[in-house]
1. Do the conditions hold for Gly224, that is, is it buried (at least 24 other Cβ atoms within 10 Å of the Cβ) and within 17 Å of the chain's Cα centre (by Cα)?
2. Among what's in region 167-204 and is polar (S, T, N, Q) and surrounded by 21 or more Cβ atoms within 10 Å (Cβ to Cβ), pick the residue that is nearest to Ala269 (Cα to Cα).
3. Which numbered condition trips up Lys142, out of (1) at pLDDT 95 or above; (2) within 28 Å of His102 (Cα to Cα); (3) in contact with a His (Cβ under 9 Å, 6 or more places away or on another chain)?
4. Pick from region 69-93 the residues that are within 30 Å of Thr368 (Cβ to Cβ) and in contact with a His (Cβ under 9 Å, 6 or more places away or on another chain): which of them is surrounded by the most Cβ atoms within 10 Å (Cβ to Cβ)?
5. Go through region 162-202 and give me each residue that's not in a loop (DSSP other than H, G, I, E, B) and not hydrophobic (A, V, I, L, M, F, W, C).
6. Filter region 213-243 down to the residues that are in contact (Cβ under 8 Å) with a residue 40 or more places away in the chain and among the hydroxyl-bearing types (Ser, Thr, Tyr) and list them by number.
7. Could you list all residues from region 203-215 that are closer than 12 Å to Ile230 by Cα and assigned to a loop (DSSP other than H, G, I, E, B)?
Amino acid sequence: MNNTTKKTTYILAGWLIDGSGGRIRKKSLLKLVDGQIIEISNYGNEPVEISDLSHCTILPPLIDSHVHLFMSGTLNKIHRKNQLVANFDDIKNVISRHMNNHLAYGILAVRDAGDAAGHALRYKNQCLDGDIIPVILKAAGKAWHRKGRYGKLIGRSPSENETLASAIANDHSPVDHIKIVNSGLNSLTQYGKETPPQFERKEMKDAVCHAEKAGLKVMVHTNGKIPVNISIHSGCHSIEHGFFMGRENLIHLAEKNIFWVPTAITMKAYTEYSGKKYSKKETGVPEKNLIHQLKQMAMAKKYGVRIALGTDSGSIGVHHGKAVIGEIKLLMEAGYSTAEAVMCATYNGSKLLDIDTMGLIAEGRQATFIAVKGNPSEFPDNLNHIESIYINGRPLDG
């Protein structure tokens, strides 16, 4: 006979945003047994000993689905240049700092979108200790781009005798996903300028096929109607950025159930800093880019596109951890409710990254969540005031 006594605990949430996009619940009592949520009920002054978080909003841990851990959001050009060429011994402490920055804002999973030296992937395999920094890291290693096109800062290109597909098949790095670059950057001086695709549909489709055979999803950096359309019809799993992709591509995303990671905060950052601290040539265009992206995000909501929050942190003015507040605000500006924005930042990210240990607060799931001071009307600014982070029913500071 097993005489092991299971531990039962109770947590009182002032407000509960469960990650599903549904209604926000007030005064909810979570019953936990050995760290698993057994029941969620309305609080009615039950005579039980509870952990009182009635002054807090509880929600699933946040997930940032697009980061570059080897870079910081600094505007200092010398610092940025040094980070681009730093060796692993120098950059690993920078990555650790960025991981801790994410943790400080309640982010417990990040998806790294690549760096030319593969530092983030190496950090994950050699340095990351989940007991010290309990943030899940999914890393692409080195991204793939066409030789002579944008992407050198975050990856490599196939050799002369390789196709994109064969290059992916021949690479045996222990990556979590594949990153492909299939357009250029957004112009910060010419509004709406689109660049041609780096790879055509058959090349992309073959590449995705090889990735899927290896059990890997494909994230694609792509902007503009044609590059995005090629990427969608290649069967990729997420469109990254997607500026100026247009209505038809948004409809295709919904039909094919492909995730979109808009990274609108990048243009917000350029809007705030251009013409002031970085480059006067960029004045005006980033703001127009941002406005257009917000319109696309509103259309995405209308058509049922699954958005996963990603910040592109490490870009100029986009700081690891803190940037999630700005990206959530932009989702809400585009018409998403608080609960819907949280779903983009939690559940949708968990599905994209294939993480089943977080994403929802529900009966039968582990009690992994964050508690932020204040009520939902103060969200997302109250992410600056994390009260506690619970993993499997236990507070990190407990």
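1. no
2. Among those residues, the one meeting the criterion is Asn186.
3. Going through (1) at pLDDT 95 or above; (2) within 28 Å of His102 (Cα to Cα); (3) in contact with a His (Cβ under 9 Å, 6 or more places away or on another chain) one by one, Lys142 breaks only (3).
4. Here is the first cut: in region 69-93, the ones within 30 Å of Thr368 (Cβ to Cβ) are 69-73, 91-93.
Applying the additional criterion that residues be in contact with a His (Cβ under 9 Å, 6 or more places away or on another chain) yields 69-73, 91-92.
On the way: Leu69: 29, Phe70: 26, Met71: 27, Ser72: 22, Gly73: 23, Ile91: 23, Lys92: 19.
Among those residues, the one meeting the criterion is Leu69.
5. Initial filter on region 162-202 (not in a loop (DSSP other than H, G, I, E, B)): 164-170, 177-181, 201-202.
Ser166, Asn170, His177, Lys179, Arg201, Lys202, listed by residue number.
6. Those that are in contact (Cβ under 8 Å) with a residue 40 or more places away in the chain and among the hydroxyl-bearing types (Ser, Thr, Tyr): Thr222, Ser231, Ser238.
7. none
Yes or no, residue by residue, for (1) within 22 Å of the chain's Cα centre (by Cα); (2) surrounded by 18 or more Cβ atoms within 10 Å (Cβ to Cβ); (3) of a type in the set (Val, Ile, Thr):
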residue: Asp206; (1), (2), (3): no, yes, no
residue: Val220; (1), (2), (3): yes, yes, yes
residue: Ile239; (1), (2), (3): yes, yes, yes
residue: Arg247; (1), (2), (3): no, no, no
residue: His252; (1), (2), (3): yes, yes, no
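The values are calculated or read from the model by the stated rules, or taken from the named source; none is laboratory data. These numbers were taken from a predicted model, which means no experiment stands behind them. In this analysis, Cβ positions are derived from the backbone assuming ideal geometry, glycine residues included, and neighbour counts consider all displayed protein chains.
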